[in-house]
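Reading through the C-alpha cells given below for one structure.
Nothing in this text is a laboratory measurement; each read-out follows from the coordinates by a stated rule. Just so it is clear, the model here is predicted, and its values are computed rather than measured. Cβ placement follows ideal geometry from the backbone for every residue including glycine, while neighbour counts extend to all protein chains displayed.
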Amino acid sequence: MAVALLLTALVACSTVDRGKAPALQANADWTVLPFANHTETPMAGSRAESVAEALLHARGVGRIKRYTSSAQAEALFDAADTKRQEQALAWAKEQGVRYALGGSVDEWRYKVGVDGEPAAGLTLQIIDVQSGEILWSGAGGKSGWSREALSAVAQKLIRELLNAGLSGAR
C-alpha cells in the first residue's frame, strides 16, 4: 500500500504530452532557436535554451550551429519573442541547417509555501527549417522536492521531452 502511494505521488509531480516522434536524419545540422519566456522569471527562456542545447549535444545529434544575436536580451513579458524566433529561423535557413529546436517556458520558479518546491513548465518543437513545418511538439510540467534545484527539475523535464522527440532519429 505504501509503495502504491509513493508511486502515485511521484507520478503526480510530472505531466507530459507529446506527439509521435518523426523520422529524423541522424547527422543533420541543428540549431536551437531562442526560447520564448512566458514567465515572471527573468532569463527563464535563455536558461531553458542552454539546457536544451547541452542535452541535444549530449544526445549526439548532428552538428549544432549556434545562433547569436545582439537582440537576444530577454525581458519580462517580451513581445519580441516571436520576432527573435523568426530571425533565428531565417538565419538557420541561410546556414543550411536541417532542424531547429524551438520552445517556450511557461513556468520557472520555486512555489510559494513552506517547502518552496521547484517547478518548471515548457513546450518544445522540432521544426524542419527549410519548410517551416513543425515535425514534433511536446509540452510538460514538472515539480520537484523542496531541496531540489530548479535547474535539475527543468533538465529532467527537457530530457524527457527531447528523448520522446528524438526517438525517431535514424
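Filtering LEU56, LEU162, LEU122 for residues that are closer than 19 Å to ALA26 by Cβ, in contact with a Phe, Trp or Tyr (Cβ under 8 Å, 6 or more places away or on another chain) and of a type outside the set (Phe, Trp, Tyr) leaves a single hit, LEU56.
Rundown of residues vs (1) closer than 18 Å to ARG159 by Cβ; (2) among the polar types (S, T, N, Q); (3) without any contact (Cβ under 8 Å) to a residue 12 or more places away in the chain; (4) not in a loop (DSSP other than H, G, I, E, B), yes/no style:
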{"position": "ASN27", "(1), (2), (3), (4)": "no, yes, no, no"}
{"position": "ALA88", "(1), (2), (3), (4)": "no, no, no, yes"}
{"position": "VAL97", "(1), (2), (3), (4)": "no, no, no, no"}
{"position": "ALA100", "(1), (2), (3), (4)": "no, no, no, yes"}
{"position": "GLU107", "(1), (2), (3), (4)": "yes, no, no, yes"}
{"position": "ASP115", "(1), (2), (3), (4)": "no, no, no, no"}
{"position": "THR123", "(1), (2), (3), (4)": "yes, yes, no, yes"}
{"position": "ILE126", "(1), (2), (3), (4)": "yes, no, no, yes"}
{"position": "GLN130", "(1), (2), (3), (4)": "no, yes, no, no"}
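Scanning the range 132-161 for residues that are under 23 Å from GLU40 (Cα atoms), within 14 Å of the chain's Cα centre (by Cα) and part of a strand (DSSP E or B) gives GLY138, ALA139, GLY140, GLY141, LYS142.
Across the range 113-137, the qualifying residues are those that are over 14 Å from GLY103 (Cβ atoms) and among the β-branched types (Val, Ile, Thr), and the one among them that is surrounded by the most Cβ atoms within 10 Å (Cβ to Cβ) is VAL129.
Of all residues in the range 126-165, which are within 21 Å of VAL61 (Cβ to Cβ) and of a type in the set (Phe, Trp, Tyr)? Across the range 126-165, the qualifying residue is only TRP136.
Take the conditions (1) more than 27 Å from ALA149 (Cβ to Cβ); (2) within 18 Å of the chain's Cα centre (by Cα); (3) polar (S, T, N, Q); GLN125 misses just one of them, which is (1). Cβ-Cβ contacts under 6 Å between residues 6 or more apart (or on different chains), taken from a first residue in the range 38-63 that is at negative phi to a second residue that is surrounded by 14 or more Cβ atoms within 10 Å (Cβ to Cβ) and basic (Lys, Arg), are listed as THR41/ARG109; LEU55/ARG159. Among what's in the range 18-67 and is of a type in the set (A, V, I, L, M, F, W, C) and more than 19 Å from ILE134 (Cα to Cα), pick the residue that is surrounded by the fewest Cβ atoms within 10 Å (Cβ to Cβ). Per the stated criteria, the residue is ALA58.
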